[in-house]
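Right, one structure below, let's go through it.
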Amino acid sequence: MKIKSHVGGYLVRNGKALLVHHNGFDKWTPPGGRIEETETPAEALVREFKEETNMSVEIISALPEVFAGDDNATPLPAPFYMDFEREGFAAPHIGHYYYVKEVGEATTPTHQVEEAYGIDWYGKDELQSLKTFDQVRAVAAYAIDNYPKE
């Protein structure tokens, strides 16, 4: 069985997580997408987030840096959640989920109409009635509760 990978990013502002209404799934999901063969998960997420929201972000690692890196090994940011997903994909996917923060001044996100019906911010109280996957409800609520303070 061939396994692919994708990324998703959780940006939290004022106790609400940013989600997009994904055209393919017809459900609300975090911004993100497939990891290309030439990308690290972090590079893929920065690219996908920009494409889907028109926002520039950087990844917040869920773990401290253990090694600064050298010519051989470069540390990568750690996701705060990973899983194995089957629904909505031709081949199963490993999902890597990261906290992200906006680069520069706060902006109003705009969705990419080719991939999303809409974009909006959702608080924990709104997630239960949202048309989404159970996994998104749980991970978004966790992200809202545990988003890194700066």
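The calculated Kirkwood hydrodynamic radius for the chain is 15.8 Å, given to one decimal from all distinct C-alpha pairs. Cα centroids of region 62-99 and region 110-134: 23 Å apart.
Using only helices, what value at 222 nm comes out for the chain when you add -39,500 (n - 2.57) per DSSP H run of length 4 or more and divide by the total residues, to the nearest 500 deg cm²/dmol? It would help to have the intermediate numbers written out before the result.
Working: 3 runs with 30 residues, N = 150.
After summing the helix terms and dividing by the residues of the chain, the value is -6000 deg cm²/dmol.
Magnitude of the charge dipole for region 1-49, about its Cα centre and with charges confined to Cβ atoms of Lys, Arg (+1) and Asp, Glu (-1), is about 240 debye.
Mind checking the log10 I(q)/I(0) for region 1-90 at q = 0.14 Å⁻¹? Debye, one equal scatterer per Cα, no solvent, two decimals. For region 1-90, the Cα-only Debye profile gives -0.58.
Note on the chain: antiparallel DSSP beta bridges, both residues inside, total approximately 75 percent of the bridges counted. Site pair Glu114 and Ala90 shows an inter-label distance of 1.8 nm when each label is modelled 7 Å from Cα along Cα→Cβ. By the rule of a C-alpha distance below 26 Å, with chain neighbours fewer than 8 residues away ignored, the lysines paired with Lys149 are Lys16, Lys50, Lys101, Lys124.
Taking a Cβ cut-off of under 15 Å around Met55, the surrounding Lys, Arg, Asp and Glu residues balance to a net charge of -3, with basic ones at +1 and acidic ones at -1.
Here the Karplus curve 6.51 cos²θ - 1.76 cosθ + 1.60, taken at θ = phi - 60°, turns the phi angles of region 133-143 into couplings of 7, 4, 4, 5, 4, 5, 6, 5, 4, 4, 4 Hz, with x standing for Gly and Pro. Once the C-beta distance of Ala73 and Ile3 is scaled by a Förster radius of 35 Å, the resulting FRET efficiency is 0.90 to the nearest 0.05. Working note: Debye formula, equal point scatterers on the alpha-carbon atoms of region 69-150, no solvent; log10 I(q)/I(0) at q = 0.15, 0.25, 0.27 Å⁻¹ is -0.81, -1.42, -1.40.
To put it simply, the accessible area of the chain at a 1.4 Å probe is 51 percent carbon and sulfur. Cα-based radius of gyration for region 65-106, normalised by 2.2 N^0.38 Å, reads 1.67.
The values are calculated or read from the model by the stated rules, or taken from the named source; none is laboratory data. Because the structure is predicted, anything quoted here is derived from the model rather than measured. With ideal geometry, Cβ positions are generated from the backbone for all residues, glycine too; neighbour counts draw on all protein chains shown. We work out accessible area using only protein heavy atoms, side chains counted, and drop any ligands, DNA or RNA first. Shrake-Rupley method; radii C 1.70, N 1.55, O 1.52, S 1.80 Å.
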